[in-house]
Amino acid sequence: MSRPPGTVRIVAGANRSRRLRIPAGSTVRPTSEMVRAAIFDALGPVGSLSVLDLFAGTGAMGLEALSRGAAGCVFVEQDKKVAEALVANIRDLDCLAASRVVVADYHAALQGIMTAGERFDLLFVDPPYRMLPEVEVALESLAPALLDDGGVVVFESHKASHPTLGAGPVFDRVYGDSRVTMVTIRRTLP
């Protein structure tokens, strides 16, 4: 069964098989269904977790988490046109109550989140591949303040990249041209 162009599906949970919009003409690169399924299989249950979806695009990662029972998600998207499609996706999936969209670049969004004292259990980071080193540097100092102890950062990057945030990956796999790396953030010594 083929999909209409410009859409992706939610893989599992309450909104399984529901489609997400991708704005025409955008450079958004949604995480494929196969890769999302692998990520959530590796994560295990996400029920009641708080999620931050940085570089959200269509919201596929955060909406997948909400579909699987996450308590809430903050979506960060800089592009206003893409953010409009993201808000439409959230509304279409009836996830407005559990969602907040921040339309800003990631630096400004993270500063606002930190100022508000918000903390998360799960952080999805899928920047334009060329930006990964810059984003990692920014997150190196911010991740312990953004995530609860034992929080997980999920990076999606080009297959040749090797994210180094944290003490080392707990999961590192290549899918086609993409690498998925998960790291656990510890705030205290074990």
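Points worth noting:
One line per residue, one yes/no per condition, for (1) in a loop (DSSP other than H, G, I, E, B); (2) in contact (Cβ under 8 Å) with a residue 60 or more places away in the chain:
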| residue | (1), (2) |
| --- | --- |
| Val11 | yes, no |
| Ala24 | yes, no |
| Val35 | no, yes |
| Ala38 | no, yes |
| Val46 | yes, yes |
| Gly57 | yes, yes |
| Leu66 | no, no |
| Val76 | no, no |
| Asn89 | no, yes |
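- All of Arg68, Arg16, Arg21 fail the test of being closer than 18 Å to Val101 by Cα, among the basic types (Lys, Arg) and more than 12 Å from the chain's Cα centre (by Cα), apart from Arg21.
- Boolean, Ala97 is outside any strand (DSSP E or B), more than 16 Å from the chain's Cα centre (by Cα) and closer than 14 Å to Gly62 by Cα: yes
- Selected residue (only one of Gly25, Gly62, Gly13, Gly72 is more than 29 Å from Gly117 (Cα to Cα) and surrounded by 16 or more Cβ atoms within 10 Å (Cβ to Cβ)): Gly13
- Residue in the stretch 78-87 that is surrounded by the fewest Cβ atoms within 10 Å (Cβ to Cβ), counting only those that are over 13 Å from the mean Cα position of the chain (by Cα) and assigned to a helix (DSSP H, G or I): Lys80
- For the stretch 100-115, a residue qualifies if it is touching a helix residue (DSSP H, G or I) at 6+ places or on another chain (Cβ under 8 Å) and in a helix (DSSP H, G or I), and the qualifying residues are Tyr106, His107, Leu110, Ile113, Met114.
- Listed conditions (1) surrounded by fewer than 20 Cβ atoms within 10 Å (Cβ to Cβ); (2) farther than 16 Å from Glu156 by Cα are all met by Ala42, apart from (2).
- Residues that are closer than 24 Å to Arg36 by Cα, crowded, with 22+ Cβ neighbours inside 10 Å, in contact with an Asp or Glu (Cβ under 8 Å, 6 or more places away or on another chain) and of a type in the set (Val, Ile, Thr) do not occur anywhere in the stretch 160-179.
- Inspection of the stretch 63-77 identifies no residue that is of a type in the set (Ser, Thr, Tyr), touching a helix residue (DSSP H, G or I) at 6+ places or on another chain (Cβ under 6 Å) and at pLDDT 95 or above.
The values are calculated or read from the model by the stated rules, or taken from the named source; none is laboratory data. Because the structure is predicted, anything quoted here is derived from the model rather than measured. Glycine gets a Cβ as well: all are built from the backbone with ideal geometry, and neighbour counts include every protein chain shown.
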